[in-house]
Structure formats: C-alpha cells, structure tokens
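The values are calculated or read from the model by the stated rules, or taken from the named source; none is laboratory data. This structure is a prediction, so every number in the text was calculated from the model and none was measured. Cβ placement follows ideal geometry from the backbone for every residue including glycine, while neighbour counts extend to all protein chains displayed.
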Amino acid sequence: MDMSELNARIEACRACGLCRNRTRAVPGEGCLEHPLVLCIGEGPGEQEDLTGRPFVGPAGQLLDRMLASVGLSREQVFIANVVKCRPPGNRAPEPDEVRACLPFLREQTRLLRPRILFCLGATAGRAIIDPAFRVTRQRGLWVERKGFYLMGTYHPSALLRDRSGQYKREAYEDLKALRRKIDELSASTQGGG
Ligand code: URA
C-alpha cells in the first residue's frame, strides 16, 4: 500500500463512531521522503476537520513557530495525529477510538520510516511511548525502541493555555533536544553509519 491508498482508506474509514461527525478525515501531511521526524498530535480540531489538514488552527500556528524555533519547517517533517477524525467538542479520544485508529499511524510510520517520533501531548505519549505517560514527568526523555527515538513534550494547545510560561520554557528545551538528535542522526548518516 502506498500513501495515497492509505489516505483513501483513512478518508473512507468507519471503524469507530468518530466518522459520524467528521466533515473530513485528516490523514496527515509533510515530507513523504523519509522525514527524520514524525510529529504526532492527538486528533483534528475544528479547522483541521474543515480543511482535512493537520495542525492548521491556533495550535498548528504555534506548532509552526515551535518547529521554526529550532530551524524546522512543516515541509521537513511529517505531521499526523493519533486519531484521524475530530472528537466532538475537541474532547480527548476514547481508548477504543485510539485502538481503532492506531493501525493507520503504524502504517504511516512503516511507509515514511522516520527515525524520531515526536509526541505532542499525553494522548500521543500514551499511544506511542507508555500507556501511563505523564507529560510533566516524562517530557523531554528519549526512549529508544525498535530503531526509533521517541520523545514526548507538551501539546501546543496546552502551551496556548500556559500563563506562567514554564511549560513554554520546558517545551523549548525539548525542541532543542529534538534538534540535537536530528543533528546527531544526520551526522552519523553522512559519515556512512
Ligand atoms: N490538535 C491536534 O492534536 N491535532 C491537530 O491536528 C490539531 C490540533
């Protein structure tokens, strides 16, 4: 299966109740040629549901600025979500919805072959890193598994609500760690392994 076939399956999916309220499914977008980084959010919000594109609302604009702060653009990474259809009222997806949708993220990962899975928020951290993932405790820590480097940080929506600025400062530390890992992996690839 290639990415366009996968996208067509996602758009036609009726594996859970989220399909009933969707305007559009949101498969994901970005670099299709082995991006080093796959950014994983929770699920589409209102703007994403209307456009079929990930992270285009307020959280997405912040994500763009976060990536830019360490010299990355949307075009250099791939951006996807744990669930591909909008949960009503932007609630967190239920475990059965996550279970129904995860095979799509797995297939995206198989096709894209990223080295880093950068998890935005607790839903992605729990789905990808650890079922008991807590952002405040486990953010910024690399986990190496099956050839992938996994890290979780705050979801941009949480940063939009952060009054004290502490989460933003910590998220910036995580982004700098992401940058260092990218540089390390790029250097070892250029050096022939
Ligand atoms: N929040 C997410 O988790 N994903 C999006 O695509 C948009 C907002």
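For the reader, a short list of remarks on this structure follows.
- Hits in segment 87-121 - residues which are in contact (Cβ under 8 Å) with a residue 40 or more places away in the chain, outside any loop (DSSP other than H, G, I, E, B) and within 13 Å of the ligand (Cβ to nearest atom): ASN90, CYS101, LEU105, PHE118, CYS119, LEU120
- Residue in segment 159-174 that is farthest from LEU36 (Cα to Cα), counting only those that are touching a residue at least 12 places away in the same chain (Cβ under 8 Å) and out of contact with any Leu (no Cβ under 8 Å at 6 or more places or on another chain): GLU170
- For ALA171, the conditions (1) part of a loop (DSSP other than H, G, I, E, B); (2) small (Gly, Ala, Ser); (3) within 21 Å of GLY57 (Cβ to Cβ) are fulfilled apart from (1).
- Test result for ILE40, more than 13 Å from the chain's Cα centre (by Cα) and closer than 22 Å to LEU117 by Cβ: no
- So ILE79, is it within 14 Å of the chain's Cα centre (by Cα) and within 16 Å of the ligand (Cβ to nearest atom): yes
- Taken over segment 38-71, the criterion of being small (Gly, Ala, Ser), assigned to a loop (DSSP other than H, G, I, E, B) and near the ligand (Cβ under 8 Å from one of its atoms) is satisfied by GLY43, GLY45, GLY57.
- The residues on offer are GLU107, GLU29, GLU75, GLU46, and the sole one that is in contact with a Cys (Cβ under 8 Å, 6 or more places away or on another chain), among the charged types (D, E, K, R) and surrounded by fewer than 21 Cβ atoms within 10 Å (Cβ to Cβ) is GLU75.
- Taking residues in segment 142-158 that are more than 11 Å from ILE40 (Cα to Cα), and partners anywhere that are surrounded by fewer than 15 Cβ atoms within 10 Å (Cβ to Cβ) and of a type in the set (Ser, Thr, Tyr), the pairs with Cβ atoms closer than 9 Å and at least 6 places apart or on different chains are TYR154/THR136.
- Members of segment 7-37 found to be under 16 Å from the mean Cα position of the chain (by Cα) and either more than 16 Å from the ligand (Cβ to nearest atom) or modelled with pLDDT under 95 (or both), listed by number: CYS31, LEU32, HIS34, PRO35, LEU36
- Condition met for ARG179 (at negative phi, more than 16 Å from the ligand (Cβ to nearest atom) and either part of a helix (DSSP H, G or I) or among the aromatic types (Phe, Trp, Tyr) (or both)): yes
- Screening the candidates LYS181, LYS84 for the property of being surrounded by 14 or more Cβ atoms within 10 Å (Cβ to Cβ), among the basic types (Lys, Arg), at pLDDT 95 or above and more than 15 Å from the chain's Cα centre (by Cα) yields one hit, LYS181.
- Residues located in segment 40-50, provided they are touching a residue at least 24 places away in the same chain (Cβ under 8 Å), of a type outside the set (Asp, Glu) and out of contact with any helix residue (DSSP H, G or I) (no Cβ under 7 Å at 6 or more places or on another chain): GLY43, PRO44, LEU50
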